[in-house]
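Enquirer: The structure under discussion is supplied below as structure tokens; questions concerning it will follow.
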Amino acid sequence: TQLLEQSPQFLSIQEGENLTVYCNSSSVFSSLQWYRQEPGEGPVLLVTVVTGGEVKKLKRLTFQFGDARKDSSLHITAAQPGDTGLYLCAGVPNFGNEKLTFGTGTRLTIIP
Amino acid sequence: DAGITQSPRHKVTETGTPVTLRCHQTENHRYMYWYRQDPGHGLRLIHYSYGVKDTDKGEVSDGYSVSRSKTEDFLLTLESATSSQTSVYFCAISPTDRAYEQYFGPGTRLTVT
């Protein structure tokens, strides 16, 4: 059972469209990160959210942490081909050994 | 740029042979990690280190060992490689003051035939 469920698993949209991907859990997280990974490379940290309800913006990307700190979303406005990649959420559970746990990712393709 | 390199970047080896992967960092970060990434499983933690000679197991540590004799180097060893260990291996570091954030190396693609 995956602690962090990401949806959709795959998403293919036209350049210029908007999209939202989700990261959900039944557990509470003390913090949550979003990473983007391109083929043949390691994941690159995009953002960290730590407060319930927190919203952070990174150019055309908007990240939100759920009020209960169990879920997060990533919204991309006017998607561009350079946004193509694997988007991973990862969080530190608010219990136990507190090691970073990764979701299985959303593979995003932006069609020019 | 977190100054992380991994070597080798690609390796093909035969079942039963020992393999050592190296992770090198230039920033003297305390925390270092080894992950494997497989389709359908995402990134899974193999072992991690919180200082020289201080290491601990992750969720998929069976068949792997690690060593950290210097701050800058974290070695992952497959004592006797199996085909199920074919994967892409990533090293990561965390800054001491932001231990929940991780910065990844470029990865090593290992194929066990």
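Taken together, the values in this text are just the output of simple stated rules run on the coordinates, not laboratory data. Bear in mind that the values here come from a model prediction, so they are computed numbers and not experimental data. Heads up, the Cβs are rebuilt from the backbone with ideal geometry, glycines too, and the neighbour counts pull from every protein chain shown.
Enquirer: Chymotrypsin sites (Phe, Trp or Tyr not before Pro) within the stretch A:1-97: which are DSSP loop residues with at most 11 other Cβ atoms inside 10 Å? Walk me through the numbers on the way to the answer.
Expert: Numbers: sites: A:Phe10, A:Tyr22, A:Phe29, A:Trp34, A:Tyr35, A:Phe63, A:Phe65, A:Tyr87, A:Phe95; in loops: A:Phe95.
Listed in order of number, the matching sites are A:Phe95.
Enquirer: Dipole magnitude of the protein assembly as shown about its Cα centre, charges +1 at Lys/Arg Cβ and -1 at Asp/Glu Cβ only, in debye to the nearest 20? Please report the intermediate quantities before stating the final value.
Expert: Details: 21 positive and 23 negative charges, 33 e Å.
Magnitude of the dipole: close to 160 debye.
Enquirer: Modelled label-to-label distance, B:Lys70 and A:Glu41, 7 Å Cα→beta-carbon offset: nm?
Expert: Simple spin-label model gives 2.8 nm for this pair.
Enquirer: Let me understand the protein assembly as shown better: what is its radius of gyration from the alpha carbons, and its Dmax, in angstrom?
Expert: When restricted to the Cα atoms of the protein assembly as shown, Rg and Dmax are 17.6, 51 Å.
Enquirer: Hey, how many Å between the Cα centroid of the stretch B:47-113 and the Cα centroid of the stretch A:1-43?
Expert: 23 Å
Enquirer: Can you give me the Rg/Rh ratio for the stretch A:24-111, using Cα atoms for both radii and the Kirkwood formula for Rh? The partial results should precede the final answer.
Expert: Values: Rg = 13.0 Å, Rh = 13.4 Å.
A ratio of 0.97.
Enquirer: Using the Karplus equation 6.51 cos²θ - 1.76 cosθ + 1.60 (θ = phi - 60°), what ³J(HN,Hα) coupling, rounded to whole Hz, does each residue of the stretch B:98-113 give in order, writing x for Gly and Pro?
Expert: 9, 5, 8, 9, 10, 10, 9, x, x, x, 10, 8, 10, 10, 10, 9
Enquirer: From zero outward in steps of 10 Å, how is the percent of C-alpha pairs of chain B spread across the bins?
Expert: All Cα pairs, binned at 10 Å, distribute as 15, 51, 29, 5, 0 percent.
Enquirer: Also, quick follow-up: Could you check which residue among A:Gly40, A:Gly16, A:Gly85 shows the biggest mean-square fluctuation in a GNM of chain A with a 10 Å Cα cutoff?
Expert: A:Gly40
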